[in-house]
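Please treat every number below as a calculation from the coordinates, not as lab data. This is a predicted model, so every value here is computed, not measured. Note: ideal-geometry Cβ built from the backbone for every residue, glycine included; neighbour counts use all protein chains shown.
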Amino acid sequence: MRKYLEYLRHERKFTQEEVANRIGIKQNSYSSIEQGKRQKDMSYSMMERLAIAFSIHIVTIIRLEIDYMLDDEGEIKHIKDAIRCEK
């Protein structure tokens, strides 16, 4: 599961449907991405759309996605720290 996407979504008080609409896909497709069932190797264009949807820098999304791929994200604290560094 991509905890960082769930965290960002909750932090912004977005529903999955709102995020899906912002990135131009259906809610069930976004849910599959968040659960790690889809976009296992997330494309740059998807990361870019997510960065725009969440109003964060693309580098933050890339870093969080790399962490997800390497060790299944680790702790939520790490996610918060990565996002906080951006501000």
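I'd like to compare 12-18, 53-59: which one has the highest average count of other Cβ atoms within 10 Å, and what's the full order after that?
With the highest mean Cβ count within 10 Å placed first, the list reads 53-59, 12-18.
Taken along the Cα-to-beta-carbon direction at a fixed 7 Å, the label points for residue 59 and residue 15 span 3.6 nm. Taking a sphere under 10 Å around the Cβ of residue 25 and counting the other residues whose Cβ falls inside, with K and R at +1 and D and E at -1, yields a net charge of +4. For segment 4-43, the fraction of C-alpha pairs more than 13 angstrom apart is 49%.
Put in line by how crowded their Cβ is, counting other Cβ atoms within 10 Å and starting with the fewest, 69, 47 read 69, 47.
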